[in-house]
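What follows is a short report on a single structure.
The values are calculated or read from the model by the stated rules, or taken from the named source; none is laboratory data. Computed from a prediction, not measured in an experiment: that's the story for all the values here. Every residue, glycine among them, receives a Cβ derived from its backbone with ideal geometry; neighbour counts consider all protein chains shown.
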Amino acid sequence: MPKQKKQAVKPLIGEKLLTKVKQLDQLSREDKAKACGYYSYDPDGSERLNVMAFLNAILEAEGVDLDAQSQQHGSGTTGRQPSYMVSVQTNGNLLVGSAYTKQMELTPGDTFEIALGRKHIHLTKVEVDS
């Protein structure tokens, strides 16, 4: 009697994938990949997990595009990219640069509440009633 070739199921994608991953939060990454259909069979019948394809599908379902080109602004140059780090100036001030205020769509006069954490400073925008 000839040996039957094992067939893998069609892997989940998009919202179905994200929902299934959330349901399986107690499992390992490999077990989640298998449960979501990210495996195949080698010619000898052994199972092979496709964890990288699983992780890429999750990124795609979340809307993350790692291959996207950075957006160009105006004259074709993007200028300096923000590092998301600041240093205390000699006068004790912290300067938040324009790259961050533009990204957050802030305008002159916006007011913030400062909350000090153990290792972070949190700025929460205060909505002023007109």
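Cβ-Cβ below 6 Å, separation at least six or inter-chain, first residue in segment 105-130 and part of a strand (DSSP E or B), second of a type in the set (A, V, I, L, M, F, W, C) and loosely packed, with under 10 Cβ neighbours inside 10 Å: which pairs?
As it stands, the answer is THR111/VAL126; GLU113/VAL126, since those pairs meet every condition given.
Among the residues of segment 104-123, write down those that are within 24 Å of the chain's Cα centre (by Cα), over 16 Å from VAL86 (Cα atoms) and surrounded by 10 or more Cβ atoms within 10 Å (Cβ to Cβ).
Within segment 104-123, MET104, LEU106 meet the criteria.
Please go through segment 13-40 and pick out each residue that is in a loop (DSSP other than H, G, I, E, B) and among the β-branched types (Val, Ile, Thr).
ILE13
Assess whether ASP67 counts as being acidic (Asp, Glu), more than 30 Å from HIS122 (Cβ to Cβ) and modelled with pLDDT under 75.
Values: acidic (Asp, Glu): yes; more than 30 Å from HIS122 (Cβ to Cβ): yes; modelled with pLDDT under 75: yes.
Taking the combined requirement at face value, the residue satisfies it.
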